[in-house]
Structures are given as structure tokens and as C-alpha cells.
1. Would you pick out the residues in the stretch 47-56 that are surrounded by 14 or more Cβ atoms within 10 Å (Cβ to Cβ) and either part of a loop (DSSP other than H, G, I, E, B) or of a type in the set (Phe, Trp, Tyr) (or both)?
2. Going residue by residue through the stretch 146-163, is there one that turns out to be farther than 28 Å from residue 37 by Cβ and either open to solvent by 30 Å² or more (accessible area, probe 1.4 Å) or assigned to a loop (DSSP other than H, G, I, E, B) (or both)?
3. Working only within the stretch 223-260, note down all residues that are at positive phi and either open to solvent by less than 20 Å² (accessible area, probe 1.4 Å) or not aromatic (Phe, Trp, Tyr) (or both).
4. Quick one: which helices (runs of 4 or more DSSP H) lie wholly within the stretch 189-279 and hold at least 1 residues that are closer than 30 Å to residue 84 by Cβ, at pLDDT 95 or above and within 17 Å of the chain's Cα centre (by Cα)?
5. If only one of 91, 117 is touching a strand residue (DSSP E or B) at 6+ places or on another chain (Cβ under 6 Å), open to solvent by 60 Å² or more (accessible area, probe 1.4 Å) and modelled with pLDDT of 95 or more, which one is it?
6. Filter the stretch 161-176 down to the residues that are of a type outside the set (A, V, I, L, M, F, W, C) and either touching a Ser or Thr at 6+ places or on another chain (Cβ under 8 Å) or without any contact (Cβ under 8 Å) to a residue 40 or more places away in the chain (or both) and list them by number.
7. With respect to the numbered conditions (1) over 20 Å from residue 53 (Cβ atoms); (2) surrounded by fewer than 19 Cβ atoms within 10 Å (Cβ to Cβ); (3) of a type in the set (Lys, Arg), which one is the sole condition not fulfilled by residue 99?
Amino acid sequence: MSVTARLIRRAVAPVVAGLTAIVLLPAAPASAATLPDSMAAMGDSITRGFNACGWFVDCTYRSFSTGGSSLVKSHYLRILAKNPAISGHNYNDARSGAKASAMPAQAATAVSQQAQYVTILIGANDACTSSESTMTPVTTYRSYIDSALATLKNGVPNAYIAVISIPDIYRLWYVGHTSSAARSAWYLYSICQSMLYRSWSTSSTDEARRKRVQQRVIDYNAQLAQACAAYGPRCDFDDNAVFNYRFTLSQVSGWDYFHPSTSGQAALAGVSYAAGFNW
């Protein structure tokens, strides 16, 4: 080999080696949510598991979010299977009857618990009121959500927030309006009259009202999506997975035909967890 060839080889070899090293470097792993050691649930009677195991009582053990029942397989149990450190650190801060207005205070409670993972499902009671005219205005609803998220971001900035869409309450009417038991319960207990008033009727007037109430839920969900996006990457909206879920009447409590039954809570857990961080 000539002197010139040896000099070229020596000059090129380090460059080739460097390029080889660059090519062989493993790709950096995609960032992933860290399994939390604690969690809290914000919301209303759905999150409290109301009517999932007893007559008009909360049943947090069967909550889709923080419950411990193997029949439901909650978010908590799914995380516990992968991270035993979360054991016993599952706080249900939801309250039956709560509306969006209760979210800032519930967020403050979650902050005091230093929850590393928070689920939020709220809005059914803002749409399910005594009449269409008493539903929570969309801008008011959003203001409470923004306030709650700000409290969480300031108090537990490293927490992961799962914002879950409000179920489609129009579907509740759809799957139940042909059931005399469901219609009787809705009437006797004055349940969600904005949607379920004259539940037996299929008149164009009643149907138009139901569609307007459904649209209010759609509008709330749009605000949840926007608020979560504004929060940042540690907030995940379920992309309307729960709203779009086609639940059946058998997944609704046989006592009030409104709240999820045990199987309904299980379905809610599965759909919302899969649409979220899904550790």
C-alpha cells in the first residue's frame, strides 16, 4: 500500500468508526408515564359507585376508579397489579350529587393527599337537572374545570390527570324508555328530568329537548378536551371513549335505572383505563 493510500486510510477510518457508532447507538426510549404510588378520584355519584351494591347508598369498593372489588377491576387494582406501592393509597374524593362547581374543592383535597394520579369524571349532574333550563351553562362549567385543574397543577405538578368524558345520557333514555320499570323509576324519583321527563313520549317536541340536552353533554366534553390539552402532557382526555361507549340497560342499576351497576362500573373501568395512560 502506498504512503498516500495509508494516509487516506488513517484519515477516513476514524470518521467511518464514528459513523458506525452513531448508526449503532440505540434509539432513546419514548417517555412514558411513571406508575403512581397514590391516586385520588374526583367526581360525583358515578365515581362513588352509588347503587352498585346496595339500595341508594355509595359503594366506593365498586368504584371504577379507586375501588377494590375484583368484580370491577378498577384503575386502582390495575395499577396495584404492577405497582404494589400504591396499596392503600387510593382516595375517593368524589361526592354523590356533585356538579362541576365542586371540582375546585375536590382538587384541593387531592392536593392535600399528594395524589400522583387523579381521575376526573364530572358533568352528569350539570346536565341532569330538574329541567332543561336549569342545566349548568357551558362557560360556567368550563370555569370550574379550569379552576380545578389549576389547583392540581399548582399543588401536584408531577401528577397525571385522567379526564374522562361524560357518558351519553341520551343513550340512557334510548336503552331504557321501552322498559316500564325504568320509566317508573325515572318518574318516581324525578331522575334527570331534563332528559327523562315524559320518557314514554316519542313526540318531536320531547325528542328535540332530549337532543338539546345531549348536545349540552357534548359541549361539556368538548370543554374537557380543551381544558386538558391546555393543561399539558400530564393530562389525558379519553377522546370521548366513555361518551361513545354503547352501554346496555343491564349495565345500569336496577334500583334507579340511572347509575352504573357493578357490570356497568366494570365496563366504565375498562373503557376509561384503556383510553388513558394505560400503564
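1. Of all residues in the stretch 47-56, those surrounded by 14 or more Cβ atoms within 10 Å (Cβ to Cβ) come to 47-53.
Once the filter is applied, which keeps residues that are surrounded by 14 or more Cβ atoms within 10 Å (Cβ to Cβ) and either part of a loop (DSSP other than H, G, I, E, B) or of a type in the set (Phe, Trp, Tyr) (or both), the stretch 47-56 yields 49, 50, 51, 52, 53.
2. No: the stretch 146-163 contains no residue that is farther than 28 Å from residue 37 by Cβ and either open to solvent by 30 Å² or more (accessible area, probe 1.4 Å) or assigned to a loop (DSSP other than H, G, I, E, B) (or both).
3. 232, 239, 240
4. On the way: elements: 193-196, 204-231, 241-244, 262-274.
It comes to 204-231, 241-244, 262-274.
5. After applying the criteria, what remains is 91.
6. Residues satisfying the conditions are 174, 176.
7. Unmet condition: (2).
So that you can scan it fast, the table gives a plain yes or no per residue for (1) open to solvent by less than 40 Å² (accessible area, probe 1.4 Å); (2) in contact with a Pro (Cβ under 6 Å, 6 or more places away or on another chain); (3) farther than 23 Å from residue 143 by Cα:
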| position | (1), (2), (3) |
| --- | --- |
| 195 | yes, no, yes |
| 217 | yes, no, no |
| 262 | yes, no, yes |
| 269 | yes, no, yes |
| 274 | no, no, yes |
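The values are calculated or read from the model by the stated rules, or taken from the named source; none is laboratory data. Everything numeric in this text was worked out from a predicted model, so none of it was measured. Every residue, glycine as well, gets a Cβ built from its backbone with ideal geometry; the counts of neighbours run over all protein chains shown. Please note that ligands, DNA and RNA were not included when accessible areas were found on the heavy atoms of the full protein model with its side chains. Shrake-Rupley method; radii C 1.70, N 1.55, O 1.52, S 1.80 Å.
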